[in-house]
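These notes are about the structure you will find just below.
The values are calculated or read from the model by the stated rules, or taken from the named source; none is laboratory data. Since this is a predicted model, take the numbers as computed values, not measurements. Here the Cβ positions follow ideal geometry from the backbone for every residue, glycine too, while neighbour counts run over all protein chains shown. The protein model used for the area step is the full one, side chains on, heavy atoms only, and it has no ligands, DNA or RNA in it. Shrake-Rupley method; radii C 1.70, N 1.55, O 1.52, S 1.80 Å.
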Amino acid sequence: MPTIEETIEIRNKQNISKEEFISIVLDDYRIANESREASIMGRREVLTGKAKFGIFGDGKELPQLAMAKVFKDGDFRSGYYRDQTFMFATKNLTLQEWFAGLYGHTNLDAEPMSAGRQMGGHFGTRSLNDDGSWKDLTKIKNSSADISPTAGQMPRLLGLAMASKYYKGNKLLQGKAFEKFSNKGNEIAFGTIGDASTSEGLFWETFNAAGVMQIPMLISVWDDGHGISVPKKYQTTKESISEILKGFQRQGNSLGYEIFKTKGWDYPHLCETFEKAAKICREEHVPVLIHVEEVNQPLGHSTSGSHERYKSKERLQWEIDFDGIKKMREWILEQKFTSEEVLKNIEENAKKIVRETKAEAWNAYLNPIKKDLIEAVAAIDFIAEKSENPANINKVKTALIAINEPSRKDIFIAANSVLRLARNENNGSKTQLINWLNASSVSNSERYSSHLHSESKNNVLNVKHILPEYLTGKKMVDGRELLRENFDAILSKYPEVLIFGEDAGKIGGVNQGLEGLQLKYGEIRVFDTGIREATIIGQAIGLALRGLRPIAEVQYLDYLLYALQIMSDDLATMQYRTKGGQKAPVIIRTRGHRLEGIWHSGSPMGMIVNAVRGIYVCVPRNMTQAAGFYNTLLSADEPALVIEPLNGYRLKEMQPSNIGEYKVALGCVEIINEGKDITLVTYGSCCRIAMDAVAQLSEMGISIEVIDLQTLLPFDINHAIKKSIKKTSRLLILDEDVNGGASAYILQKIIVEQNTFQLLDSEPKTLTAKDHRPAYGTDGDYFSKPNAEDVFNKVYEMMHESNPNKFPKIY
Ligand SMILES: Cc1ncc(C[n+]2csc(CCOP(=O)(O)OP(=O)(O)O)c2C)c(N)n1
């Protein structure tokens, strides 16, 4: 604890009067108490069954008050479920909204973080207006939307911090058009993480990358000594994250971090530390670590268990003795800032306010449900009145009314039961309940299933096709040159675009699709990164959250797996988990399907399309189509993955004269060969194999219609495949993923969603790769993946089945 003289010195440095200082301290004390009471009462709400799960910020109040003091408008937080006090202190969350989050209130006005989609304790501010357009982020104390996977907040933190460097360094962004995103790059990105979560690889990858890039990132570790029940002994070498990160400390001219240590119960030292740290971070663009040790957790990890099971008696006693709020109280009295009575008053008031607010939040949550219940019961009554056998119907109604705190599910179940009981009654009395049920389904779909994708006017499906033109005659170029010309056009048109990845900078990409562009646009816009796929994507997410348009490269499709978790957990859920409050229109560029070897020719598309719903997936067959996708995506506000065909960079394509301008609309298939006997559906590199087979089959008098899907997500939005099957009555899916991989997805879309079963004259077939990965040996690819001969045989077999005389067995 500092002496009175030291405290006065701190105050003097801040240039405020004694009275102002005391009033700030007491206000912090109030917030800390209210936050603690919220945790205590929130826990009770779960234990009594009103809320389903609770994870709270008790014990972490003081460090967050200190962080809030240095957090300015325009700054960003990327944190985790303990940060309620910070959210209260920055006025980004009211107590009532906090309780609404705990109850899972689905109304955005009541619960603006996620409208009940995220469990309590997952915070976020709204960066977007209701129409999906950006708010002025420089006027908000921004918080990117939390996710639950431990350390999952780290990769995006990197991009949030890097954006400041980009806004500072790229003069083209300092005009009017971008002023709502940054004040010349003066913003800090604050990260918070628990000590145990620093065991995750994502923490280390992020930490190292920020040191390399020298960006204004300030990471605070709230160290309470445990990850649920597992102590530091099993989490961290030497049991101290700051100790083992010492090698990152900058020294002399060597770049690195500033590392601070402080204690979770020492309010004045916390304030002083955060102030020093933020100054260095903001002014010098140096990353900073604040290791906040000796943090307690008085209520235990969450409502899922009690900490008495795993903490020793001594530790439990320490948790009481070194509670931050208790220590702050002692300090206030020691310093004679105010009297015991005033503090008691603050404490009592906190209890009262939280109790009252909790009741208000609960009523606000429950009343609309009760209104639904009244409507449904009226409709049920109506059926019962007209029924000759109302006893069972009334029984369902009585049971429904008896539920003390009903949910919409209870009402839905009852309504369905009543309609089942009344199934033989053919009277109009059912119409009211059926209508209620239908309307309720629509509202619940909006409540729980909207905003997987952008619902703004810039959503990608609004971007229309613009055909490539070839006005300047036939100019045949390598695929990679066509792409490079297109990226050149993109970089000159959009100053907010930056392209990065392994080898993307100096050499212009392993396949030279960016050749010479770093030289032309500078290292700030086209640059190399370390080998760190997860944080390349995280970096892109953070940049996009701050209004930039990153194109992030993952060198090969096989290595996307390193990034798949963050794509799935963070990027894909961004719009959904905030109900349209945040967007990250990231473009992920990679290449795959075919080259050589187990880790350079994979095509795990089934895994990908099933993991990333919320992100679009483009699978162009050549670079003309790929370039068109990039142009489309930059006109929209949604994230997407573009997988270029790896064996297409050196193949010749005709270069369009409207490079950078033409667009390929998403969700629109292309018929690349017209035919009448069989519809063959494929995508990417397999298109060329299908076309090889077309030639062989035509010699036998068989004509196949080859459809290039172009995008797997979205999938054939105009149902063009169905039209083709109406003509051919036969379906073959050609795919180089494993059996039951993407082909199963494609089959489900065509048979079930497009309802084509009745149109087929023979069994639908799939032709896929083997279940192992493609072998490297010279013919490994040929024998591991479907080839033109396989396609020929499969098609011929189908034709033989339908007309054995015309197509006799070959083998
Ligand atoms: C990837 C992942 N693994 C496991 C969990 C379950 N889990 C939730 S919190 C937690 C402990 C985190 O401890 P720490 O980082 O120290 O933060 P604290 O809760 O102590 O503040 C674990 C293991 C998770 N959410 N995500």
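Computed over the Cα atoms of the stretch 177-278, the ratio of the radius of gyration to the Kirkwood radius (Rg/Rh) comes to 1.00. Put simply, the amide H of Tyr470, placed in the peptide plane, has neighbours under 5 Å in Ser657, leaving out anything fewer than 5 places away on its chain.
Spherically averaged projected area of the convex hull of Cα atoms, the stretch 416-521: 14.0 nm². Per-atom-type breakdown for the stretch 513-611 gives carbon and sulfur 59% of the accessible area (1.4 Å probe, protein chains only). Can you give the angle from 0 to 90° between the axis of helix 201-213 and the longest principal axis of the chain, with both taken from C-alpha atoms, to the nearest 10? Helix 201-213 sits roughly 90 degrees off the main axis of the chain.
Given a 1.4 Å probe and the protein chains as shown, Cys668 ends up with an accessible area of around 30 Å².
Packing, taken as the mean count of other beta carbons within 10 Å per residue, orders the peptides 580-591, 417-428 from highest to lowest as 580-591, 417-428. Let a ≥ b ≥ c be the square roots of the eigenvalues of the Cα gyration tensor of the stretch 104-221; is it rounded (a/c under 1.5), or, if not, prolate (a/b larger than b/c) or oblate? Taking the square roots of the gyration eigenvalues as a ≥ b ≥ c, the stretch 104-221 is oblate. Taking all protein chains as shown and a probe of 1.4 angstrom, His453 keeps an accessible surface of around 50 Å².
Please determine, in degrees from 0 to 90 and to the nearest 10, the orientation of helix 479-493 with respect to the longest principal axis defined by the Cα atoms of the chain, where the helix direction is its Cα long axis. Helix 479-493 and the main axis of the chain meet at about 40 degrees. A cut-off under 13 angstrom between Cβ atoms defines the neighbours of Thr85, and their net charge, with Lys, Arg +1 and Asp, Glu -1, is 0.
Taking 8 Å as the Cα distance limit and 6 or more residues as the minimum spacing, I'd like the relative contact order of the stretch 531-596 as a percentage. Before the final figure, lay out the partial values.
Working: 79 pairs, mean separation 29.6, N = 66.
For the stretch 531-596, the relative contact order is 45 percent.
For Gly592, the shell of other residues with beta-carbons less than 9 Å away shows a net charge of 0, using +1 for Lys and Arg and -1 for Asp and Glu. Counting only protein heavy atoms, what percent of the accessible surface of the stretch 661-775 is carbon or sulfur at a 1.4 Å probe? Carbon plus sulfur share of accessible area: 50 percent. Between the alpha-carbon centres of the stretch 736-804 and the stretch 240-305 there is a gap of 56 Å. Seen against the Cα atoms of the chain and their longest principal axis, helix 686-698 is set at about 10 degrees. Indicate the gyration tensor shape class of the chain (rounded, prolate or oblate), computed on the Cα atoms with a ≥ b ≥ c the square roots of the eigenvalues: a/c under 1.5 is rounded; otherwise a/b larger than b/c is prolate and the rest oblate. Oblate is the answer for the chain, as a/c is 1.5 or above yet b/c matches or exceeds a/b.
Given a 1.4 Å probe, how much area per residue of the stretch 272-342 is accessible, in Å²?
Values: 3300 Å² over 71 residues.
Counting only protein heavy atoms, the per-residue value for the stretch 272-342 is 47 Å².
Remark: relative contact order (the stretch 232-332) = 25 percent; criterion is Cα-Cα distance under 8 angstrom and separation of 6 or more residues.
The Ile413 and Leu316 beta-carbon pair, evaluated with R₀ = 30 Å, returns a calculated FRET efficiency of approximately 0.10. Ordering His800, His772 by accessible surface, largest first, gives His772, His800; the 1.4 Å probe counts only protein heavy atoms, with every chain in place. Each residue was assigned an accessible area with a 1.4 Å probe, and for Glu596 the value is about 90 Å².
Could you rank Phe71, Phe260, Phe412 by how accessible they are, 1.4 Å probe, largest area first?
Values: Phe71 5, Phe260 35, Phe412 60 Å².
Reading off the accessible areas and sorting them downward yields Phe412, Phe260, Phe71.
The Ser802 and Asn610 beta-carbon pair, evaluated with R₀ = 51 Å, returns a calculated FRET efficiency of approximately 0.95.
Any chance you could tell me what percent of the C-alpha pair distances in the stretch 548-590 go past 14 Å? If you can, show how the numbers build up before the last one.
Numbers: 476 of 903 pairs.
The answer is 53 percent, as a whole percent.
Within the shell defined by Cβ-Cβ distances under 15 Å, the residues around Gln118 carry a net charge of +1, with Lys and Arg each +1 and Asp and Glu each -1. When the Cα positions of Gly120, Gly79, Tyr103 are compared along the charge dipole of the stretch 66-143, Gly79 comes out farthest toward the positive end, with charges on each C-beta of Lys, Arg, Asp and Glu. Taken along its principal axes, the alpha carbon cloud of the stretch 278-321 reaches lengths of 46, 23, 13 Å, longest axis first. Between the amide H of Thr766 and those of Ile733, distances stay under 5 Å, these residues lying 5 or more places away or on another chain, with hydrogens modeled in the peptide plane.
In this rough spin-label picture, where each label sits 7 Å from Cα along the Cβ direction, the Leu255-Glu388 distance is 8.6 nm. Here the 3J(HN,Hα) profile of the stretch 660-674, calculated from phi with Karplus coefficients 6.51, -1.76 and 1.60 at θ = phi - 60°, is x, 10, 5, 9, 10, 5, 7, x, 10, 6, 10, 7, 9, 8, 7 Hz, Gly and Pro shown as x.
In the chain, taking the dipole from charged Cβ atoms about the Cα centre, the farthest positive-side position among Leu709, Ile22, Ala161 is held by Leu709. Kindly identify the stretch 755-811 as rounded, prolate or oblate by the Cα gyration tensor criterion: order the square roots of the eigenvalues as a ≥ b ≥ c, call it rounded if a/c is under 1.5, otherwise compare a/b with b/c, prolate if a/b is larger, else oblate. Oblate, because a/c is 1.5 or more while a/b does not exceed b/c.
Ignoring ligands, DNA and RNA, how do Phe527, Phe248 rank by accessible area with a 1.4 Å probe, largest first?
Numbers: Phe527 20, Phe248 55 Å².
Most to least solvent-accessible, the answer reads Phe248, Phe527.
Sequentially through the stretch 764-775, phi angles give Karplus couplings (6.51, -1.76, 1.60; θ = phi - 60°) of x, 10, 10, 10, 10, 6, 6, 6, 8, 7, x, 6 Hz, Gly and Pro residues having no value and appearing as x. Each 10 Å bin from 0 upward holds the following percent of the Cα-Cα pairs of the stretch 219-359: 10, 29, 32, 22, 7, 1.
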